[in-house]
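Visitor: Could you have a look at this structure, given as structure tokens, before my questions?
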């Protein structure tokens with residue numbers, strides 16, 4: 001399936017000079033969405049992981065059905081102020097700013113292996129922040145699953161110690 005044809009380019013969003021890769025057309029195509037979730041499921045079915053960690057917000061779109069298919073818990077990584085119980089927080093750099101991510105302190109157990117899911121790999125800052133949160137809880141970030149990878153921004157190099165699956169790549 002040609003998933004790339006279902007990604008819309010939006011220039012100058014969210015700020016001038018940024019080319020945003022809009023996944024909305026893919027999400028609106030039921031067959032394409034099913035294909036994405038099936039590919040993620042196939043890739044990680046026998047990975048020996050204990051949970052799916054999903055990054056707010058578009059990562060939830062792929063992480064929840066993946067967790068369901070694999071019969072694993074879904075662990076949300078959220079933006080500040082969204083988690084109600086005790087949490088861990090890390091700050092990270094984005095390709096056009098900074099951000100923070102939170103995870104509940106009791107979300108994972110020491111030694112658990114997880115898949116981290118998000119919609120896009122750019123510089124790798126968000127993904128590394130999620131991995132750091134997982135590791136602060138004593139768990140292991142085993143692998144990453146992304147719909148889109150922007151190769152020219154170097155995110156894969158930052159994640160070289162992990163298994164990485166991306167279904168659509170842009171140079």
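None of the figures in this text is laboratory data; all of them are computed from the coordinates on show. For clarity, every value in this text was computed on a predicted model and none was experimentally measured. Here Cβ is always computed from backbone atoms with ideal geometry, including for glycine, and neighbour counts include all displayed protein chains.
Visitor: Between residue 12 and residue 41, what is the spin-label point distance in nm, taking each point 7 Å from the Cα along the Cα→C-beta axis?
Guide: In this crude spin-label approximation the distance works out to 4.2 nm.
Visitor: Taking the Cα centroid of the stretch 1-65 and of the stretch 85-132, what is the distance between the two, rounded to the nearest whole Å?
Guide: So the two Cα centres are separated by 17 Å.
Visitor: Starting from the Cα of residue 157, step 7 Å along the direction of its Cβ; do the same at residue 64; then give the gap between the two resulting points in nm.
Guide: 3.7
Visitor: Right, next: If you count, for each residue, the other Cβ atoms within 10 Å and average over each peptide, how do 101-109, 3-11, 143-151 line up from highest to lowest?
Guide: On the way: 101-109: 18.7, 3-11: 13.8, 143-151: 22.9.
Averaged packing, sorted descending, gives the order 143-151, 101-109, 3-11.
Visitor: Within a 10 angstrom radius of the beta carbon, how do 123, 89 rank from fewest other beta carbons to most?
Guide: Values: 123 18, 89 13.
Result, fewest neighbours first: 89, 123.
Visitor: While we're on this one: How high is the relative contact order of the stretch 66-171, given as a whole-number percent (alpha carbon pairs under 8 Å, six or more residues apart)?
Guide: 22 percent.
Visitor: Sticking with this one: For the pair residue 4/residue 110, report the inter-label distance in nm, with labels modelled 7 Å from Cα in the Cβ direction.
Guide: A separation of 4.6 nm, rounded to one decimal place.
Visitor: Continuing with the same structure: Of the listed peptides 128-134, 76-82, what is their order by residue-averaged count of other C-beta atoms within 10 Å, with the highest listed first?
Guide: Highest mean packing first, the order is 128-134, 76-82.
Visitor: So, one more: Mean residue ellipticity at 222 nm from the helices of the chain, using -39,500 (n - 2.57) per DSSP H segment of n ≥ 4 over the full residue count, to the nearest 500 deg cm²/dmol? Don't jump to the answer; show the numbers that get you there.
Guide: On the way: 5 runs with 48 residues, N = 171.
That comes out to -8000 deg cm²/dmol.
Visitor: Then there's this: Run through the DSSP bridge list for the chain and note the antiparallel percent, rounded to the nearest 5.
Guide: 35
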